Structures are given as C-alpha cells and as structure tokens.
1. Could you figure out which of (1) more than 34 Å from the chain's Cα centre (by Cα); (2) buried (at least 17 other Cβ atoms within 10 Å of the Cβ); (3) modelled with pLDDT under 85 isn't true of residue 412?
2. Tell me, please, whether a residue that is touching a helix residue (DSSP H, G or I) at 6+ places or on another chain (Cβ under 6 Å), part of a strand (DSSP E or B) and surrounded by 15 or more Cβ atoms within 10 Å (Cβ to Cβ) can be found in region 167-189.
3. Given the structure, is residue 574 touching a residue at least 60 places away in the same chain (Cβ under 8 Å) and at negative phi?
4. State whether the residues of region 252-260 include one that is surrounded by fewer than 21 Cβ atoms within 10 Å (Cβ to Cβ) and in contact with a helix residue (DSSP H, G or I) (Cβ under 8 Å, 6 or more places away or on another chain).
5. Which of the residues that make up region 127-150 are surrounded by fewer than 13 Cβ atoms within 10 Å (Cβ to Cβ) and in a helix (DSSP H, G or I)?
6. I'd like to check something: does region 513-524 contain any residue that is under 30 Å from residue 68 (Cβ atoms), touching a residue at least 40 places away in the same chain (Cβ under 8 Å), in contact with a strand residue (DSSP E or B) (Cβ under 6 Å, 6 or more places away or on another chain) and in a helix (DSSP H, G or I)?
7. Considering region 52-65 alone, what residues qualify as being within 16 Å of the ligand (Cβ to nearest atom) and either within 21 Å of residue 12 (Cα to Cα) or in the same structural domain as residue 529 (by TED's automatic domain parsing) (or both)?
Ligand SMILES: [Zn+2]
C-alpha cells in the first residue's frame with residue numbers, strides 16, 4: 001500500500017475541478033460546479049463538485065467522495081493504482097513499497113508475455129499455411145479481415161508445444177507461461193504442453209485494453225468447443241466482459257449496452273454496427289460485472305439465446321438488477337438463433353428492429369413463465385404467484401397478473417375473468433401465509449432473500465420509517481454542521497451528536513465536535529477523506545454540497561432542532577405508551593392508576609392520540 005503521506009499530499013494538492021473536468025463537462029454553479037453525472041444516465045445535472053471542500057457528489061445516484069474515489073471509479077482502478085496515477089499526474093515523488101513494486105513488476109511481465117502471445121497467435125492466423133483452416137472458418141462465419149484484426153483474433157497451431165518453445169526462445173521462462181495459463185504440465189514434475197492447440201483464438205482484454213487472457217474455439221470436432229484461460233493473477237472470469245475495451249466509448253455515447261453470451265455474438269454485432277456490445281463470457285451477470293457496466297451506463301439490453309441456460313441466467317439476475325437500479329430490457333431472439341446467426345440472416349436492420357422491440361424484464365418473465373407452464377396448472381399458478389409477489393409496484397403487478405391470465409385463458413373471455421380472480425385469490429393467500437410466518441417483514445416474500453440481506457436496502461428501510469420532513473430537517477442541520485463553523489457551534493450547543501437519528505450522521509457530528517474542540521474545523525474534509533470508509537465519504541460529500549440558503553431565515557436553525565427533538569420525544573413516548581398498554585392488558589396497572597392518567601394527558605397534549 002502507498003504510505004499515508006502520499007495519500008495526504010494527493011488530497012491536499014489535487015485540484016478536483018481540473019481532474020474531474022478531464023472526464024465531464026463542468027459548469028460553474030455558485031461556489032461549486034455541476035455536470036451531468038458520468039455514473040448514471042440523467043437529463044438534468046445533479047453531479048456537483050466543490051473545489052473548496054475537495055469533494056464531489058451526485059444527488060441522482062448518491063455516489064460521491066474525494067478526488068481519489070473519483071479517479072478510482074471513472075477509470076476502474078484499485079486504490080493503489082489510483083494513487084499511482086494521481087501521484088504521477090501531480091508530480092509527487094514517492095517510492096512504492098518493495099512488495100508493491102514486486103507485484104507491479106510481475107504484473108507487467110505477465111502482461112508482456114500475453115501481449116507476445118497475442119502477436120504469436122495473430123501471426124499464425126494470417127501468415128502461416130497452417131492458419132488456413134482458421135481463415136476459412138472466419139470466412140464462413142462472415143467475419144471480415146478488418147473485424148478480425150480489430151479483435152486481434154489469432155490461431156493456435158496444432159502440435160504439442162509450438163507456443164511453449166517459441167516463448168522460451170523469446171526469453172519467457174516456463175514459470176511465467178504457467179502463471180498466465182498458456183501452457184500446462186503433462187504430469188507432476190514433467191514437461192509442459194500448450195493449452196491451446198488447433199483453435200481459433202480470441203484474446204481477452206480488460207477495460208483498459210491490456211491482454212489478460214484468451215479464449216479458444218475448436219475448429220474440428222474436439223471437446224470442449226470453447227476453452228478459456230484458467231483463473232490467473234491477471235484473469236478472473238467473473239470480472240471479465242469481452243470486448244469492453246472496444247465498446248466503452250460507444251456505450252457512453254449510446255447510453256446503453258447490449259449484452260450477449262459469446263465471443264462470436266459480440267464480434268458479429270460490432271461488425272454489424274452495434275459497437276456498444278459486450279459478452280458476459282458464458283457466466284451469468286454478477287455483482288462484479290454489473291458494477292463495471294454501471295461505470296458506463298445503467299441501461300442494459302440483454303440478447304441471450306432462447307435456450308434455457310440464457311433464460312435462467314436472466315431470471316436469476318432480477319434481484320441484482322433491482323439492487324443496482326439497472327434498467328434492463330430483453331431481446332426476443334427467434335427460437336434456435338443467437339445474435340451471430342440472427343444478424344447474418346436478418347442483417348443489421350433486422351437486429352435493430354429486435355432491439356427496439358426489446359421487452360422489460362417483467363414482461364419477459366411473464367413470457368418465460370408461460371413458456372415453461374403453457375397451462376394454468378397448480379404448479380404454474382404457484383410459480384406465477386411467487387413471481388407476482390416479488391413485484392413491488394402495484395400497477396406493474398396488476399398488469400402482469402392480467403398478462404398471465406390472458407396468456408393462459410387462450411383468449412376466451414369467460415376463462416380470462418376466472419383466471420384473474422384465481423390468481424388474485426392465490427396471491428392474497430400467499431401474502432397472508434408469508435405474513436404469519438414472518439410478521440416483522442411482511443409482505444415481502446421470503447424466497448427473494450437478497451434484497452432483505454442487502455445492507456443498503458436494509459438501511460433505507462430504517463430511514464424510510466422516519467417522516468420525510470424530519471429527515472430533511474436532520475439533513476439541513478448536518479449540512480450546516482459540516483459547512484459552516486459558526487452554525488456548527490450553534491447546533492452542537494443545543495444538540496448532542498447522539499441526538500441525530502441516523503448513525504452515519506451521529507458519527508460525522510462527533511467528528512465535527514472533536515474538530516471544533518481542537519480548532520481544526522477547516523481540516524474536516526481531509527479528516528473524513530483519511531478515515532477510509534467510502535460510505536462515510538459519500539454521506540459527507542452529499543452534505544457538504546447541500547444548499548444552505550435556508551439558514552438565513554429567522555429561527556430556521558431553531559425550528560429544525562425543535563423538529564428533531566420533538567420527533568425523538570414522540571418516538572420515546574410511543575415506546576412508553578406501548579409498554580403501558582401492555583401492562584394494562586396484562587392487568588399490571590388499571591385505568592384508575594395515576595400513572596395512566598398522567599400519560600393520557602401528556603399524549604393528548606402532544607396530539608399523539610391516546611389509543
Ligand atoms: Zn449520478
């Protein structure tokens with residue numbers, strides 16, 4: 001890890017406006033700058049940068065942080081990588097620790113080896129006689145020479161050790177060849193053979209265009225049809241999106257990404273004029289790939305084959321999409337085709353039409369359900385109810401219920417109504433059952449457990465029980481607390497940090513208090529930056545860019561403090577009232593009890609209702 005001094009120097013010396021404006025068009029807005037957020041799709045700017053505080057924040061998607069967070073996120077770098085980049089940019093000289101240097105050095109060696117292999121395979125494809133078979137294959141699949149060159153396609157000759165020998169001659173030791181997975185040992189302590197033999201080669205690059213691995217397709221009958229680089233220090237399959245380095249610009253420009261499953265699908269679509277296509281390499285989408293894609297867009301169009309593996313992958317990802325607020329649509333490819341074969345038959349215009357008709361995930365799930373259960377059997381109804389219960393939007397739920405009933409009714413009006421009623425009854429029954437089983441978390445069905453265990457959703461649920469007005473009062477106060485020393489002193493004179501409702505706010509308030517006591521209020525942003533918690537920086541960046549003009553109004557501060565106080569007190573009283581009612585019902589106290597009488601009066605005075 002880079003040492004703390006370098007990190008501190010970067011935070012002090014980096015001009016956040018200069019650095020951010022290399023990626024987004026910033027416009028002055030009061031004391032800060034604003035722009036369209038590069039991390040989510042929007043039409044009106046909600047991305048703000050404060051040069052004074054050295055923080056940025058998007059009020060649309062909630063992301064924010066300091067200059068290091070920004071570079072990490074927009075460039076897709078790890079923390080040490082972002083530090084190295086910024087240090088280089090700012091001319092800060094530092095010595096990487098010996099371990100880091102060794103790691104970086106090793107990584108560089110392995111990348112050079114892979115780059116050498118890309119050239120080796122490419123040469124074999126275009127200039128050797130043995131490459132003829134692969135060239136013929138590309139011709140048959142209608143991949144043009146230009147496209148093949150763009151994707152750096154290659155050919156791995158047959159024979160056991162063509163690459164192994166050539167690589168060693170070029171100065172790469174066997175150890176490194178093993179590390180990147182280009183060769184494998186025949187047996188323990190024995191010699192090595194090439195992993196890829198007589199295969200068409202698809203080099204795999206990361207988003208920065210560095211060669212991290214390879215895929216190989218057999219040209220004959222050999223199994224398996226596709227073979228990939230195993231997991232290596234450079235190549236982690238679940239983080240890879242094929243063709244992203246070629247697609248990322250187009251994804252930003254077009255505002256959406258087309259997702260396919262295979263190499264050939266991605267290549268065919270790029271060639272047909274859909275350069276915003278990437279392939280998920282046969283793995284289902286996961287948190288890692290979704291997070292990578294979210295750097296470029298939150299609109300996904302999925303063009304997977306209609307075979308069940310593809311369908312199931314999409315279905316499993318429904319919760320993932322919801323958690324990451326992705327807008328997902330589904331291309332309905334004709335039975336038995338994939339994007340590659342479809343675009344060859346129907347051309348670019350045909351595929352564009354499919355894209356335009358892409359269905360929402362919900363609509364697709366209805367289609368899938370009906371595909372799987374063509375009739376309204378008990379099993380079908382059960383599956384339908386489980387699916388309907390996951391829809392939180394009542395309008396969407398109703399329209400799905402109607403779609404299902406329509407599909408199953410075979411367009412017979414009398415059956416349609418009966419089916420709608422049956423589905424509705426089953427849904428209500430299902431909810432009641434769920435409610436009885438877990439009264440504290442109704443009516444969310446228990447089988448879609450992901451959103452419930454997700455910490456962010458969980459914290460939002462807690463927040464959402466607080467009335468909006470109270471939450472806004474708290475946020476206003478917190479904004480004043482971090483932005484204005486004088487206001488901070490006034491607020492903390494009447495509110496203790498523990499009196500704020502959200503724990504994140506309490507934590508920041510405690511820090512502000514400590515800074516005021518040390519007379520280091522101006523160092524607060526630096527301190528927050530150093531605490532190393534992204535969530536904390538995100539909350540802080542939001543607060544430090546929040547408007548403070550309300551504070552000029554008379555009693556504005558006092559009103560908000562009062563609001564917060566009153567809410568806390570009400571909550572406390574509610575709890576005590578519940579306890580009293582409990583005691584009353586179990587006969588521990590009676591209504592003639594003086595305690596009870598006093599409580600009734602207090603509650604009435606607070607207009608809380610006495611029941
Ligand atoms: Zn945003």
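The values are calculated or read from the model by the stated rules, or taken from the named source; none is laboratory data. Because the structure is predicted, anything quoted here is derived from the model rather than measured. Because the Cβ atoms are built from the backbone with ideal geometry, glycine has one as well, and the counts that use them run over all protein chains shown.
1. Of everything listed in (1) more than 34 Å from the chain's Cα centre (by Cα); (2) buried (at least 17 other Cβ atoms within 10 Å of the Cβ); (3) modelled with pLDDT under 85, residue 412 misses just condition (2).
2. Among the residues of region 167-189, at least one is touching a helix residue (DSSP H, G or I) at 6+ places or on another chain (Cβ under 6 Å), part of a strand (DSSP E or B) and surrounded by 15 or more Cβ atoms within 10 Å (Cβ to Cβ), which makes the answer yes.
3. Details: touching a residue at least 60 places away in the same chain (Cβ under 8 Å): no; at negative phi: yes.
For residue 574, the condition - touching a residue at least 60 places away in the same chain (Cβ under 8 Å) and at negative phi - is not met.
4. no
5. Of everything in region 127-150, those that are surrounded by fewer than 13 Cβ atoms within 10 Å (Cβ to Cβ) and in a helix (DSSP H, G or I) turn out to be 127, 129, 132, 136, 139, 140, 145, 146, 149.
6. Looking through region 513-524, none of the residues is under 30 Å from residue 68 (Cβ atoms), touching a residue at least 40 places away in the same chain (Cβ under 8 Å), in contact with a strand residue (DSSP E or B) (Cβ under 6 Å, 6 or more places away or on another chain) and in a helix (DSSP H, G or I).
7. 55, 56, 57, 64, 65
Yes or no, residue by residue, for (1) outside the structural domain of residue 348 (by TED's automatic domain parsing); (2) in a strand (DSSP E or B); (3) within 20 Å of residue 286 (Cβ to Cβ):
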position: 209; (1), (2), (3): yes, no, no
position: 221; (1), (2), (3): yes, no, no
position: 224; (1), (2), (3): yes, no, no
position: 248; (1), (2), (3): no, no, yes
position: 251; (1), (2), (3): no, no, yes
position: 259; (1), (2), (3): no, yes, yes
